[in-house]
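Rule-based calculations on the coordinates, nothing more; no lab input. Quantities reported herein were computed from a predicted structural model and do not represent experimental measurements. Neighbour counts run over all protein chains shown; Cβ positions are idealised from the backbone, glycine included.
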Amino acid sequence: MAQSYRTLPGRLWHGAYLGICGLVFFFLVAPLIVVVPLSFNAEPFFTFTEGMLHLEAAAYSLQWYRDIIANDQWLLAIRNSIVIALCATALATTLGTLAAVGLSRPAMPLRGLVMTILISPMIIPIIIVSAGMYFFYSQIGLAQTLLGIILAHAVLGTPFVVITVTATMMNFDYSLVRAAASLGAPPLLTFFRVILPLILPGVVSGALFAFAASFDEVVVVQFLAAYDQRTIPLQMWAGIREQISPTILAVATLLILVSALILTAIEFLRARAAGQRGGKSI
């Protein structure tokens, strides 16, 4: 491909390609970039003031970040989001990994049907899933409980784990499992000492996706949560409807930072897994 850049049409096409990629990147990232400086606005506005446009120090402030710490509702929402996301991620990672290991076996019957059922929460519109969960959990007493929200988020996060771990298992060498069995290792020991270390990058990637999905989810929480079980996205939604404050922008900036860290970790794990498949260590 580098050879074509030596010609004028090749250089023009390469420049146009980079320009299109840059425009697409700007279109996707620009709304996020705007939020960050607005979160430092010294005035309670959602627009850039004259002082901000002229880069005056007095026009910028950390008061909205301090408001997060001083506001009991935001602290409660942060605590709920962390507890729910961690518990739901642990449950989704366990169930999704076991399901993916089973689905990866050649002798697994009805593999396509089972996979379709497992990833259906990702495909079905979230409003339908939320309504179904609300009516089902109401019958068994889990509506408006923290356990109900955790189970619901685990259901939503499991497809991410199943997909990532299944993709990792596609390159798994089952002769290692047979070798472990021939040496007398029981199935549980084989899983923890042979299978899990080799598929760990896929498991961690799926867990990060499940954590992000739970941390960002708002529709299910609207159906299932009581007032004292608000999460960060639901608190942001309520703040926009009830009391508009730039504190929402400060929280959004922190969420952008968390998302960037999660994506960086996922990319690192993807590169590490690719290096392992290629016989290299990263």
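The table below lists the values:
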item: Region 1-158 - Debye-derived log10 I(q)/I(0), Cα point model, q = 0.10 Å⁻¹; result: -0.77
item: Spin-label model distance (nm) - Leu147 vs Arg241, 7 Å beyond Cα toward Cβ; result: 2.8
item: The chain, Rg to Rh (Cα coordinates; Rh as Kirkwood inverse mean 1/r); result: 1.06
item: Farthest toward positive dipole pole in the chain [+1 Lys/Arg, -1 Asp/Glu at C-beta], among Pro106, Leu146, Val29; result: Pro106
item: Ser138-Leu12 pseudo-label distance in nm [points 7 Å out on the Cα-to-Cβ vector]; result: 6.4
item: Rg over Rh [alpha-carbon atoms, Kirkwood Rh] for region 165-223; result: 1.22
item: Cα coordinate range in region 2-59, projected on the principal axes (Å, largest first); result: 54, 20, 14
item: Dipole magnitude of region 71-277 about its Cα centre (Cβ charges: Lys, Arg +1; Asp, Glu -1), debye to nearest 20; result: 640
item: Inter-centroid distance (Cα atoms) of region 1-56 relative to region 179-210, Å; result: 43
item: Inter-label distance, nm, simple model (7 Å from Cα along the C-beta direction), Ala226/Phe268; result: 4.0
item: All-pairs alpha carbon distance profile, region 188-253, 5 Å steps from 0, percent; result: 3, 15, 16, 16, 13, 9, 7, 9, 7, 4, 2, 0
